[in-house]
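Taken together, the values in this text are just the output of simple stated rules run on the coordinates, not laboratory data. This one's a predicted model, so the numbers in the text were calculated from it and none came from an experiment. Neighbour counts run over all protein chains shown; Cβ positions are idealised from the backbone, glycine included.
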Amino acid sequence: MAELYYDLHIHSCLSPCGDDDMTPANIAGMAMLKGLDVIALTDHNSCRNCPAMLAAAAEYGILAIPGMEINTSEEVHAVCLFETLRAALDFDAYVYERLIPFPNNEAIFGKQQIYDEQDRICGTEPNLLINATTISFDELWPLVRGFGGVMFPAHVDKTANSLIANLGFIPPDSRFTTAEVKDLGRLHGLKRQNPYLEKCRIISNSDAHYLEHIHEAEHTLHVEEKSVSGVIRALLNGAGDR
C-alpha cells in the first residue's frame, strides 16, 4: 500500500476561468513545491492540455492523471479521470461533439490556451468550454467507465453547478463510488441529508484556477500502488480514507 498526497481537480489556462499562469509546467512545478504526489488536470469539457501536463509532471517526478471537469446537460459539474492519455483524448473528442457551441469572448470569459510539451502556446479553443454539454448526469457513469475511467460529482456541497444544488438530491440509482466535498466541515450534515454519501469515498480537491490555490500536502489517498491505475482503482472502491 502507498499513501499519496493528492489534488485531483486542477484547471489550466485552457479553462476560460483559469489564470494565464496556469500552464502545465507551472502547475507541475507548484505541485512539486507543495509536496503533492499525484495531481489531475481537469479543464472544463476538455483534455487537450493533458499531453503537456503529463510531460511536465514527469519532469518533476509527479504522478499526473489526465482528466476533465464535464458540465452535464443539467449543468452539474463532474470530474472524469482516465487511466491513459489515449482514452482521455478519445473522451475529449466525444464530449466536444456534444458541447453546445457558442463562441468564446476572451474579453468576457478569458483566454482558452492550449500548450505543447515545451510549455509553449500552440493554439486556442474558439468555442466556450464552460457551456453545458448534451450529456446527462444519469448517462455519465457508464459512459466514463466505457472509456476505462472513473467519474465523481464535483464539489457536491457548493450552491451552484453541483449535483445536490442543481438536481436537489442524489438520484438513488446513482453508481458513483467517490464524491468530492469542498468543505469537509460540512460532511456530517451532508451525509445526514444525503445517505448515499455514506457508501462513497469522500475526497477534497482544490478546484484550483490559480497557482496559489493548488492544495498543500494535506489530504491523502491510500492506494495499492503509486500509479494512475492504482488511483483509479482506489476511487472505484468506494468508502475509504480521506
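Computed quantities for the displayed model
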quantity: Qualifying residue in the range 220-230 (condition: closer than 24 Å to M32 by Cα, polar (S, T, N, Q) and not in a helix (DSSP H, G or I)); calculated: yes
quantity: Test: residue in the range 144-166 that is under 20 Å from A64 (Cα atoms), touching a residue at least 24 places away in the same chain (Cβ under 8 Å) and part of a helix (DSSP H, G or I); calculated: yes
quantity: Qualifying positions in the range 80-137 - farther than 13 Å from N49 by Cα, of a type in the set (G, A, S) and in contact (Cβ under 8 Å) with a residue 40 or more places away in the chain; calculated: A87, G110, A132, S136
quantity: Qualifying residue in the range 172-190 (condition: at negative phi, assigned to a loop (DSSP other than H, G, I, E, B) and among the small types (G, A, S)); calculated: yes
